[in-house]
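Following: one structure in structure tokens, then a few remarks.
The numbers here are math on the coordinates, done by the rules we state, and not lab data. Since the model is a prediction, treat every value here as computed from it, not as a measurement. With ideal geometry, Cβ positions are generated from the backbone for all residues, glycine too; neighbour counts draw on all protein chains shown.
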Amino acid sequence: MTTNLIFRAATKFFLGVLVTAMLIFIPAGTIRFYNGWLLMGILFFPMLVAGLVLAVKNPQLLEKRLNAKEKRKEQNLVVKLSGLMFVAGFILGGLNFRFAWTSLPPVVVQAAAGVFLVGYGLYAEVLRENTYLSRTVEVQVGQRVIDTGLYGIVRHPMYSATVLLFLAIPLVLGSILSFGIFLFYLPIIAMRIKNEEALLRNELLGYIQYCEKVRYRLVPFVW
């Protein structure tokens, strides 16, 4: 673990907090937005804890997670579309609160927060199981196929976890309108998975056999 790695991780974390807060609370027109604070808490506190754990236990994996610059054109498009989705969804969530367009019962918001934390737990388990995980689509030197644990159920458990996370976000914000925006994540992630699997089939030894063993990509018995 180096000082540079800590600085980069801390900078990225605090910029993420700042930008997310601006996207939510400025459109809301107030900081007295309970749902916004709830989302900020369940989003960034576990992220901080996970970052600290990785910094101590596995700084190499933390380094990989900080590298988000895609080299492939198709994946660059996925990243840009995902970023646009987040910006639009957060802004709409804030505006929805400001102008009281729609509302959700507290029980729905609380259930969504619970689903979000479950998604975070699955995400953490994927990080534990697969030390080759990076933010970019690539085959690393010495990489091997992981086919146990969650990888024995679906081929892309990290993306399965992100579906839970991202579809819960607008519900935590109390905005069914934002939920409509975040539904675009499904075709976006499907595009990423298909492109990623084309690379893995060509470059990762044993991946074709793994696909024959584990049939489902994202959701068991569905796809």
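Just to be sure I understand the curve: with the Debye formula and one point per C-alpha of the chain, what is log10 I(q)/I(0) at q = 0.07, 0.16 Å⁻¹?
-0.24, -1.21
What Kirkwood hydrodynamic radius do you get for the range 90-209 when you take the inverse of the mean 1/r over all pairs of distinct Cα atoms, in Å?
16.1
Using every pair of alpha-carbon atoms in the range 1-114, split the distances into 5 Å bins beginning at 0 and state the percent of pairs per bin, rounded to integers.
So the P(r) values, bin by bin, are 2, 10, 16, 18, 18, 15, 12, 7, 2, 0.
What do you get for the angle between helix 157-172 and the principal long axis of the chain? Use alpha-carbon atoms, 0 to 90 degrees, nearest ten.
0
Between helix 34-57 and the chain, what is the angle of the helix's C-alpha long axis to the longest principal axis, kept within 0 to 90° and rounded to the nearest 10?
Helix 34-57 sits roughly 30 degrees off the main axis of the chain.
Determine the calculated [θ] at 222 nm for the chain from helices alone, applying -39500 (n - 2.57) to every DSSP H run no shorter than 4 residues and normalising by the residue count; nearest 500 deg cm²/dmol.
My calculation for the chain gives -24000 deg cm²/dmol from helical runs alone.
Considering the dipole of the chain built from charges on the beta carbon (Lys and Arg +1, Asp and Glu -1) around the Cα centre, which of Gln60, Gly206, Gly174 is farthest to its positive end?
Toward the positive end, the furthest listed residue is Gln60.
Treating only the Cβ of Lys, Arg, Asp and Glu as charged (+1, +1, -1, -1), what charge dipole size does the chain show about its Cα centre? Round to the nearest 20 debye. Could the numbers behind the result be given before it?
Values: 22 positive and 11 negative charges, 63 e Å.
Using Cβ point charges on Lys, Arg, Asp and Glu, the chain gives about 300 debye.
Could you compute the net charge surrounding Arg217? Neighbours are other residues with a C-beta less than 12 Å from the C-beta of Arg217; K and R count +1, D and E count -1.
Combined, the nearby Lys, Arg, Asp and Glu give +2.
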